[in-house]
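To start, the structure itself, in structure tokens.
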Amino acid sequence: MSPKVLKEPKSQPLPAIHEKPHDPEQAGNPRPAGPCVVVIFGASGDLAKRKLLPSLYNLQVNGLLPDEFAVLGVARSEMSDASFRKKMAEGLKQHGTVKIDPAELKKFESRLFYQQADYTEASTYKTLKSRLADLDEKLKTGGNYLYYLSVPPEVFDDITNALGKNGLVKEENGQWRRVIVEKPFGTDYDSAVELNRKLSAVLTEQQTFRIDHYLGKETVQNLLVFRFGNGIFEPIWNRRYIDHVQITVAESIGVERRGSFYESAGALRDVMQNHMLMLLSLVAMEPPTSLQGESVRREKTKVLEAIKIMSSEDVLRNAVRGQYSSGTVEGDQAVAYRSEEGVDPESPVETFAALKLEIENWRWAGVPFYLRTGKRMANRNTQIMIQFREAPLPLYGGSRMSRIGPNRLLMHIQPCEGITLQVRAKTPGPTLRTSPVGLNFNYSDLGATPSTGYETLLYDCMMNDATLFHRIDTVLNSWQVVQPVLDVWNSIPPREFPNYSSGSWGPQAAEDLIERDGHTWWKPGC
Ligand code: BG6
């Protein structure tokens, strides 16, 4: 049961990353990307329909796609260009974030192409090569290709190898070739190392864009701007003023039609290892020397490196897992996880995970970070709550000794988007009493147009800006944080599953985890 000795991911030599030079004028006024073809492997899947195509459409409407542009969808399903266009147009109407303009849609559809393919067949890549050459000739896309691997991780390797063999990732004569790799990057520390070894046999680090769609969310990017664009918070952003931090990623949905994928993932791999540790790193990182490129990536990696690696005893004490039973979520009946399609009726897979983490550096020593994520929770809400230490001398609580409650900073990531600072104010009336009030900022006040979150990431990849993508050492450090938990949970099957009702806030053990330290989970809400 003892966690295995983990390898040192820490100081790997890293190749220089291509970076878009920071040009403040350009930053405020982005220009269209250069000519290219976006090749989406797994184009008949949900991600393409719900997110990727709607975000490319949004980029087009905002004038950020070049005139010389095409999308080539590649997938197993049989479809013609025409039926692919029809399917994607339907997806756009259903999942698009903006009102569809008929002229823009017509233009967008005319740029979509499809190729039916078996990823393991050599002939697939020969056909792909000639389709791409055709598109280059007709649309002047310049031989620049962005491959998006929206396929199960087991086939990443087959695809990149075949692309390599067919000369489709070779960058020459000024042409660029980049690959976006979807999460999960591996299933644990060792498999991530192995996957990286295989990919790097074909691709350079500069060509590899490991995506985490949380980093494309406006509110997540705003975390950095909030911290480092305002001088007033940084002096109190440390152990002297902050009592503890809570991060919640609550989902009201279950596993939907992804039961068989989820059986090999679980909440720890699906959300904790990537999205949640990214949120933690943005809250806890040191100020970078600039908000662009390598310096942000370096600081994010350093803070993950500083998280204390749990012993098995720590895991038993500081990690909680859960699995949902049936119940009512937002008024609707929900079945138990074990009754979902594609799920083993005795599945030991967790749909909820909570961790207490400690960051062992000068800024954060002694400040616990509580993280929890779960499916079929009471509502959908992603929020970061920073709880400050209480005022040293409570003058207004009735008696001098009573507590008046701490100040809190709530960073609403979704569905509400904004920031609330909770302070105490005098309750109106003749007696001197106080109430908590919120100073609010809503992201919508800035006139933000709704987006899928993928727009920035796709555009950045076309522009060769890797700031919001993961370096391999970031990925390995985050696997290193969750690896002891994976090991212990793997070796001790859960006895009490299912242990929380759909529509609740997770298992009792998660409440106990935080209450032991004298805190309670902040109920996220707008
Ligand atoms: C994905 C997970 O990465 O993130 C899903 O695989 C999860 O299980 C999703 O539902 C949550 O993303 P969002 O943007 O809806 O919070």
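The values are calculated or read from the model by the stated rules, or taken from the named source; none is laboratory data. As the structure is a computational prediction, the values presented were derived from the model and not from experiment. We place every Cβ from the backbone using ideal geometry, glycine too, and count neighbours over all the protein chains shown. In case anyone asks, the SASA skips ligands and DNA or RNA and just uses the protein heavy atoms, side chains included. Shrake-Rupley method; radii C 1.70, N 1.55, O 1.52, S 1.80 Å.
Data for the structure
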quantity	calculated
Members of segment 252-261 found to be closer than 17 Å to V343 by Cα and modelled with pLDDT of 95 or more, listed by number	I253, G254
Number of positions in segment 408-417 that are surrounded by 19 or more Cβ atoms within 10 Å (Cβ to Cβ) and over 10 Å from Q383 (Cβ atoms)	2
Flag if S325 is more than 26 Å from T420 (Cβ to Cβ), assigned to a strand (DSSP E or B), open to solvent by 10 Å² or more (accessible area, probe 1.4 Å) and more than 16 Å from the ligand (Cβ to nearest atom)	yes
Index of the failed condition, N230 passing every other in (1) within 12 Å of the ligand (Cβ to nearest atom); (2) open to solvent by 60 Å² or more (accessible area, probe 1.4 Å); (3) closer than 17 Å to G418 by Cβ	(1)
Every residue from segment 344-376 that is within 14 Å of the ligand (Cβ to nearest atom) and of a type in the set (A, V, I, L, M, F, W, C)	V349, F352, A353
Residue count for segment 449-498, restricted to those that are among the acidic types (D, E) and more than 14 Å from D212 (Cα to Cα)	4
Check on M385, modelled with pLDDT under 95 and on the phi < 0 side of the Ramachandran plot	no
Matching entry among L316, L282 (being over 16 Å from V481 (Cβ atoms) and either away from the ligand (no atom under 16 Å from the Cβ) or in contact (Cβ under 8 Å) with a residue 24 or more places away in the chain (or both))	L316
Residue count for segment 234-269, restricted to those that are in contact with a strand residue (DSSP E or B) (Cβ under 8 Å, 6 or more places away or on another chain), within 16 Å of the ligand (Cβ to nearest atom) and open to solvent by 70 Å² or more (accessible area, probe 1.4 Å)	0
Residue within segment 468-475 that is open to solvent by 60 Å² or more (accessible area, probe 1.4 Å), part of a loop (DSSP other than H, G, I, E, B) and charged (D, E, K, R) present	no
Test: residue in segment 337-346 that is surrounded by fewer than 22 Cβ atoms within 10 Å (Cβ to Cβ) and in a helix (DSSP H, G or I)	yes
Number of the condition not met by V220 [criteria: (1) in contact (Cβ under 8 Å) with a residue 60 or more places away in the chain; (2) part of a helix (DSSP H, G or I); (3) more than 12 Å from the ligand (Cβ to nearest atom)]	(3)
Evaluation of N222 against (1) open to solvent by less than 40 Å² (accessible area, probe 1.4 Å); (2) under 16 Å from R297 (Cβ atoms) (one fails), failing number	(2)
Long-range neighbours under 7 Å by Cβ, at least six apart or interchain, first residue more than 15 Å from L409 (Cα to Cα) within segment 379-391, second within 13 Å of the ligand (Cβ to nearest atom) and in a strand (DSSP E or B)	N379/A250; R380/A250; N381/T248; N381/A250
Single residue of segment 193-215 satisfying the filter (within 16 Å of the ligand (Cβ to nearest atom) and assigned to a helix (DSSP H, G or I)) that is most open to solvent (accessible area, probe 1.4 Å)	H213
Of all residues making up segment 469-502, the number that are out of contact with any strand residue (DSSP E or B) (no Cβ under 9 Å at 6 or more places or on another chain) and over 18 Å from E263 (Cα atoms)	3
Selection from segment 418-445 of residues that are β-branched (V, I, T), surrounded by fewer than 16 Cβ atoms within 10 Å (Cβ to Cβ) and in contact with a Ser or Thr (Cβ under 7 Å, 6 or more places away or on another chain)	T427
Condition check for P494: part of a loop (DSSP other than H, G, I, E, B), modelled with pLDDT of 95 or more and open to solvent by 40 Å² or more (accessible area, probe 1.4 Å)	no
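Per-residue answers, yes or no, for (1) touching a Leu at 6+ places or on another chain (Cβ under 8 Å); (2) under 24 Å from Q175 (Cα atoms); (3) of a type outside the set (K, R):
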| position | (1), (2), (3) |
| --- | --- |
| F113 | yes, yes, yes |
| Q116 | no, no, yes |
| E121 | no, no, yes |
| T127 | no, yes, yes |
| R131 | yes, yes, no |
| L139 | no, yes, yes |
| L146 | yes, yes, yes |
